[in-house]
Amino acid sequence: MTVPTIRGVIRRNLLIVFLIALFGGGGGFYLLLKNAAMNDAEDEARLLLSSAMAIRGYTTQHILPNLAKLNDAVFHEETVPAFAAQTVFRSVSAGDSAYTYHEAALNPTSVSDRAGPFEVDLIRQFRNDSKLKELRGILDQRGQRLFYLARPIQIKDAKCIICHDTPARAPKAMVAKYGPNNGFGWRLGDIVGVQLLTVPVTQQFRSTLELVAILMGGLALIFTIAYFALTAAMEATVAAPLDRLAGAADQASRSTSERPELPAAGAHEIRVLADAIQRLRVSLAKALAQLGGKS
Ligand code: HEC
């Protein structure tokens, strides 16, 4: 095994510390920012979902009982909680396809509300675990990254059953419009579908990566400067004077005739060492001269 040199030890340790700091710092910063972006998205999604819930509630409590009294031949979609919530949300999200709100069902009244594969999977999870009240996460859709918040749609209110029980019980005008085959047979307590709300996070995640790249670039620059400054300082004050000192001490131990120059520069400790070696050289020479005189 070769004995490490002081230069090697310093360089290696500096590099190790810098690499740990660079990747540890970059990674930690990335996690922090990503977490903040997720929290922001979640807050936004929660707010929007509460508005959708409020519209649903308002429709069930205030619109449905009153419009139902009209009892005319035309079916008013305005009385349908799902219709109200989805319609209002479409104007809220106007133009931004990343903001979506969908009430999807396995057996929907309106074919446009049929659950897609992802929604079917969410409904299955909610049905399998009745304690599960919410699911959230990241979804990739058409090249966009979306944060989603999903809640089960459970039939809790007997008012819902009026329209979703049997075609015979539902308003005639509604059956005439949507047909007698879809969206019936729902029972109180059933989880029939899912509310799925998405908000965009593509841009937030991209900014996170940009910030991390800037931070790591800055750190790398500082570390490179620090590396060269520290190694150069170490070379000038310790490594090079120590080399000369080691050479001089080595020679002095072998012969008294050769007197290589001892380093006059270097760190304080090196100078103390050089002076000490100089004194040893002198006393060694004196001792040898006395021995020579006696013989
Ligand atoms: C007045 C009749 C009526 C009532 C009351 C009603 N719905 Fe509906 N529901 C409909 C119709 C019609 C649609 C299709 C709306 C559309 O065109 O988007 C629908 C759609 C839905 C959807 C979207 C999936 C689908 O089937 O198209 C869900 C979920 C839903 N209703 C749940 C409920 C719940 C829960 C309640 C009780 C709070 C309720 N409905 C009350 C008539 C009704």
(Q) Here is a check on your reading of the model: is Ile16 out of contact with any Cys (no Cβ under 7 Å at 6 or more places or on another chain), open to solvent by 30 Å² or more (accessible area, probe 1.4 Å) and in contact (Cβ under 8 Å) with a residue 24 or more places away in the chain? (A) no
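Anything in the range 68-86 that is in a helix (DSSP H, G or I) and more than 8 Å from the ligand (Cβ to nearest atom)? List them, or say none. Lay out the reasoning, then the answer.
Going residue by residue through the range 68-86, those that are in a helix (DSSP H, G or I) are 68, 77-79, 81-86.
Answer for the range 68-86, where residues must be in a helix (DSSP H, G or I) and more than 8 Å from the ligand (Cβ to nearest atom): Glu78, Ala84, Ala85.
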Q: Please find, within the range 146-180, the residue that is least open to solvent (accessible area, probe 1.4 Å) out of those that are in a strand (DSSP E or B) and near the ligand (Cβ under 8 Å from one of its atoms).
A: Ile153
(Q) Which numbered condition in (1) away from the ligand (no atom under 16 Å from the Cβ); (2) touching a residue at least 24 places away in the same chain (Cβ under 8 Å); (3) part of a helix (DSSP H, G or I) is the only one that Thr198 fails? (A) (3)
Q. Can you tell me which residue in the range 50-86 is modelled with the lowest pLDDT, limited to those that are under 20 Å from His102 (Cβ atoms) and open to solvent by 50 Å² or more (accessible area, probe 1.4 Å)?
A. Glu78
Q | Near pairs, Cβ below 6 angstrom, 6+ apart or cross-chain, from the range 217-228 (under 18 Å from Ile10 (Cβ atoms)) to any residue that is not in a helix (DSSP H, G or I) | A | none
Q: Among residues belonging to the range 248-276 that are within 22 Å of Arg7 (Cβ to Cβ), part of a helix (DSSP H, G or I) and open to solvent by less than 30 Å² (accessible area, probe 1.4 Å), point out the one that is modelled with the lowest pLDDT.
A: Ala248
(Q) Quick check on the range 97-126: of everything there that is in contact with a Leu (Cβ under 8 Å, 6 or more places away or on another chain) and part of a loop (DSSP other than H, G, I, E, B), which residue is surrounded by the fewest Cβ atoms within 10 Å (Cβ to Cβ)? (A) Ala98
(Q) Criterion first (more than 8 Å from the ligand (Cβ to nearest atom) and open to solvent by 30 Å² or more (accessible area, probe 1.4 Å)) does Leu209 satisfy it? (A) yes
**Q.** Candidates Asn39, Asn35, filtered to the one that is under 27 Å from the mean Cα position of the chain (by Cα) and open to solvent by 80 Å² or more (accessible area, probe 1.4 Å)
**A.** Asn35
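The values are calculated or read from the model by the stated rules, or taken from the named source; none is laboratory data. Please read these numbers as outputs of a predicted model, since none were measured by experiment. Heads up, the Cβs are rebuilt from the backbone with ideal geometry, glycines too, and the neighbour counts pull from every protein chain shown. Surface areas here come from the heavy atoms of the whole protein model, side chains and all, with no ligands, DNA or RNA. Shrake-Rupley method; radii C 1.70, N 1.55, O 1.52, S 1.80 Å.
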